[in-house]
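Let me begin by presenting the structure, written as structure tokens, before commenting on it.
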């Protein structure tokens, strides 16, 4: 296997020199793009779009034809794994994801088993292979999964929640049951990410969307511990190339040191932490990915450029270790041409900074 | 003025020795109490309850008759100030607060003026006086306000928001307009809190519920700067007694050092930070208030006791500088008898720790 023609994304994660600061955007294939909305309409529903490899491939590539992005990310939903466990994922308009059979009973938790990713999640692997073929080695493809704790939040609550009351009650009252859920889920996620790697993913990212809502002690025990187990079980190299892993806990800025210790190659950062401070704290151990507030993209182009430059300036000198991204998924209300400004600014300004360094 | 008979709360904030670790609970007068629901029903609506000093006094005292709490907090809404500015506060069942006239137009922002707290917010001051009389010097009364940034979020968005898109767009696109809103609001809050102090509040707290959603740089410029201005303008002493101030930015754990620098007496902590770590970082400058996850109160009494003890153990030795609280408002679904367990555990266990220290 040879590296993609534009391998700046992989180089940054592996701390090899880069020509410019690579960037991609969380949720870059999404509702802010009219072409995405058109495909989704054709698919019939969000879930049908996720489960159709050809259409998932189509939307994965859409942002790459519009913008000069340095990586593609598999288009999928974070709840495919619990769906494959038999919880019955469905979506209701305007209410987000729900499960027909949330995990509440002890017998159901005891019965939970890890799904075979090549069986129940075959459509994801087919999507990965198809996207790789379509990318034709232009840029790397990122595979991903939700973290065990984040998946458990949805599995126990049965959908989104404003307070995570049910999952927290289980953590404090029946930690044994929560550990059982997290353990099976961690095994499932490890197998799922490894199957994505075997199918062609060239880097993987774990999204811990809700770990930041835990106490410091509970985060270590119920979220980080299981991400560590996953990272330890990941395929580290394929066809002679290292497969880097990125761990992103939204709201995890207080715990960067312990996240950097679990063996991953990079940390995702939300926008609440100064990236220069994050680099001083953990930059000797891991690469960093982030971290512009997605809401900056609602400002005028000159303001977007100024804020993007601030992130690059704050990261500071050096030609590697930084993948530019937003601090959270791009909003569905983002004007598509504002993304052009962001992409061009990051590429151009980071090249200027590299010249200054020399 | 003499101090209340139980002045442990004030002593802890001022770093004077205490008999036990004092505690009160954010939103302690609220929907989890059946007697509160009864009074609210009688009042007709939440807003009518807030605007009726006799009823506001009644619900303020309700948790104190049930539990051995060390402080009372004025029952009111954080949006009284923008309501007094003429934005037209109203509540719709299940949807939270809304404004009839959100601040969106430049002319409206230019026209914004600080309300006279003794005129448009007379009902709050009447409530404070009435509560003080009813407390009869048993425990101290805390006054409070929302922070300028948090109030601005509601004022610009027109209600709650999942992404604060409008307020962030203004921050990045028209910082001049946002600064104008924040400046008028900071003046309003200063006058409002000073009027509460003149009317009898013995400590004040600023709730910055949404500052934690800002980037590190934007937090300094758009939230902290204005809280600093308020703290600088507060009445520091009344009748020979210091009036302590508490500043609480939910999600502000990364910024404790800079918050501790604005001249307040104490920091409120949410549950995501270990209180022992917070003490090591800023305990030499300020007292700390917090920080049990409110969801712990859904666990069984023995688990509640164990988690409360962990917070006290983590704070560590010494007989002052800590006010026990939740890391956020108590949930409306909390079983009232679980609060009894919490209050008794904190009092008893903190007395045991004080004996051990000696």
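Just so it is clear, none of the values below were taken in a lab; they were calculated from the coordinates. Because the structure is predicted, anything quoted here is derived from the model rather than measured. Virtual Cβ from ideal backbone geometry, glycine too; neighbours counted across all protein chains shown.
Structure values in brief
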{"read-out": "Fluctuation leader among A:272, A:345, A:92 - chain A, Gaussian network, Cα springs under 10 angstrom", "value": "A:92"}
{"read-out": "Helix A:34-43 axis, angle to chain A major axis (alpha carbon atoms, nearest 10°)", "value": "30"}
{"read-out": "Sum of -39500 (n - 2.57) over DSSP H runs of 4+, divided by residues of chain A (222 nm, nearest 500)", "value": "-13500 deg cm²/dmol"}
{"read-out": "For A:161-173, mean number of other protein chain Cβ atoms within 10 Å", "value": "5"}
{"read-out": "Whole-Å distance, taken between Cα centres, linking the stretch B:14-80 and the stretch A:58-131", "value": "45"}
{"read-out": "Inter-chain Cβ neighbour average for residues A:245-258, partner chain, 10 Å", "value": "2"}
{"read-out": "For B:269-281, mean number of other protein chain Cβ atoms within 10 Å", "value": "3"}
{"read-out": "Among B:50, B:37, B:264: highest mean-square fluctuation, GNM of chain B, C-alpha pairs under 10 Å", "value": "B:37"}
{"read-out": "Computed over chain B: relative contact order in percent, which uses C-alpha pairs under 8 Å that are six or more apart", "value": "22"}
{"read-out": "For the stretch A:210-324, projected area of the alpha-carbon convex hull averaged over all directions, nm²", "value": "8.3"}
{"read-out": "Rounded to 5, the percent of DSSP beta bridges in the stretch A:155-313 classed as antiparallel", "value": "15"}
{"read-out": "Computed Kirkwood radius, in angstrom, where 1/r is averaged over Cα pairs of the stretch A:8-357", "value": "20.4"}
{"read-out": "Percent of beta bridges antiparallel (DSSP, the protein assembly as shown, rounded to nearest 5)", "value": "25"}
{"read-out": "Reference-scaled alpha-carbon Rg (2.2 N^0.38 Å with N residues) for the protein assembly as shown", "value": "0.98"}
{"read-out": "7 Å along Cα→Cβ, label-point gaps from residue B:42 to other copies, nm, shortest first", "value": "6.5"}
{"read-out": "Between helix B:301-315 and chain B: long-axis angle, C-alpha atoms, 0 to 90°, nearest 10", "value": "80"}
{"read-out": "Principal-axis tilt of helix A:122-135 within chain A, Cα atoms, nearest 10 degrees", "value": "10"}
{"read-out": "Euclidean distance of C-alpha centroids, the stretch A:163-222 and the stretch B:339-356, integer Å", "value": "34"}
{"read-out": "Position residue A:335, label points 7 Å along Cα→Cβ, spacing to each other copy in nm (shortest first, one decimal)", "value": "5.5"}
{"read-out": "Candidates B:84, B:108, B:54, ranked by Gaussian network fluctuation over chain B, Cα under 10 Å, top entry", "value": "B:108"}
{"read-out": "Highest average packing first - B:140-146, A:5-11, B:40-46, B:14-20, Cβ atoms within 10 Å", "value": "B:140-146, A:5-11, B:14-20, B:40-46"}
{"read-out": "Label 7 Å beyond Cα on the Cβ vector: residue A:285 copy-to-copy distances, nm", "value": "2.6"}
